[in-house]
C-alpha cells in the first residue's frame, strides 16, 4: 500500500512538472506580460507575469497536499481518500493542459485554442461532479456553506445531488458549445446554476431536517 501511494504521488509530481518544463523551454520567447484571465468567449481580459504559470501548478499541488493535514476534520479524508486523489489528479491534468495550451498559443502567436477555454471549464466541472458524491464533510473541498458544515446528512445529500447536477449540466454545456453562436449567453447562466442550486438545495434539506427534529 505504501509503495502504491508513493507511485501515485510521483505521478502527480510528474504531471505538475510537465507544464513547468514546457514553460522553461519557451521562457525566452515569452513576453514579460502574458494573458492570465479570460472571459466567457475565451478572450484574454487580464494580463500578468509569466511567473504565474510557474507558481500556479506548484501552488495547487502543494495546497492539495497540505489540506488533509491541517483540516480540523482530517479524519474524514480517509473515507474519501480515493476520490480526493482523483480530484488532485484532475486538477493537475486540467491546469497542466490549460497552461500548456495558453502558452502554446502565445508562442505560436495564435488565439485559436483560447476559444475552447470555456469548454475546458465545463469539462473540469463534469469530472469533479463524477466524484463529488463521495466527498465527506471537511472545511476545504466541496460545497462549504453553513447548512452542509452543520449537518453531515445535509452534506452527503447535497453533494450527491450536486455531483449529478455538475456532471449532466456540464455535459449539456459542452454540447451547446458546438451549436450556440454566442456561447457566453449560455456559459454564465449555466455557471450560476452549478453554484446556486446546490446551495439552495442544502438550505431546503437543512430546514426540512430541522422541522423533523
(request) Provide, as a two-decimal number, the C-alpha radius of gyration of the chain over 2.2 N^0.38 Å, N being how many residues it has. (result) 1.13
(message) At 4 °C and a viscosity of 1.567 mPa s, what translational diffusion coefficient does Stokes-Einstein give for segment 4-109, taking Rh as the Kirkwood radius over Cα pairs? Give it in µm²/s as a whole number.
(response) 85
(message) Multiplying the sequence separation of residue 120 and residue 152 by 0.36 nm and subtracting their Cα-Cα distance, what value in nm do you get?
(response) 8.4 nm
(message) Can you give me the distance in nm between label points at residue 209 and residue 51, each placed 7 Å from the Cα along the Cα-to-Cβ direction?
(response) 4.5
(message) Take residue 195 and residue 73, extend 7 Å from each Cα along the Cα→Cβ direction, and tell me the distance between the two endpoints in nm.
(response) 2.2
(message) Please compute the length gained on full extension between residue 110 and residue 176, using 0.36 nm multiplied by the number of residues separating them and subtracting their Cα-Cα distance.
(response) 21.3 nm
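What list do you get for 151, 49, 202 if you sort them by fewest beta carbons within 10 Å?
Result, fewest neighbours first: 49, 151, 202.
Computed from the coordinates by the stated procedures, all read-outs in this text should not be read as laboratory data. All values derive from a computational prediction rather than experimental measurement. Note that we place each Cβ from the backbone using ideal geometry, even for glycine, and neighbour counts take in every protein chain shown.
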